[in-house]
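Step one of this worksheet: look at the structure below.
Just so it is clear, none of the values below were taken in a lab; they were calculated from the coordinates. No experiment lies behind these values; they were computed from the predicted model shown. Cβ: placed from backbone, ideal geometry, glycine included. Neighbour counts: every protein chain shown.
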Amino acid sequence: MRGIHCPHYNSEMRGIPRRKDFPDMIRKTGGIGIAIENNCAVEFIDGRLYKVISSKNYARAYTVCLPQIVPRKSCARSATGYSYLSAIMGSTRMARRAGR
């Protein structure tokens, strides 16, 4: 999977909120990013499936592909609880084409 990730998305680094800094990084480098809040993780399986795992109800993970930031906590899941990674890749490509 191509892209970058940002752990502790709801924290600050050197006084700068990562919620601001990470989208700026994506804007400069392009591509797709996965932002992960505290108390949350994303498990990837064979580059095809993923699952958002959190120890707190409020903890989320997001797909960042500007100008769109999409929460990934409530994605449709397969019977195993995993979602298809292609759904992330497809939604971000469509957003880019639409100029959103």
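Tell me, I16, I88 in order of fewest to most beta-carbon neighbours within 10 Å?
Details: I16 10, I88 20.
Ascending number of Cβ neighbours within 10 Å: I16, I88.
If r is the Cβ-Cβ distance from N10 to A87 and R0 is 22 Å, what FRET efficiency results, to the nearest 0.05? Walk me through the intermediate numbers first.
On the way: r = 24 Å, r/R0 = 1.07.
The calculated FRET efficiency here is 0.40.
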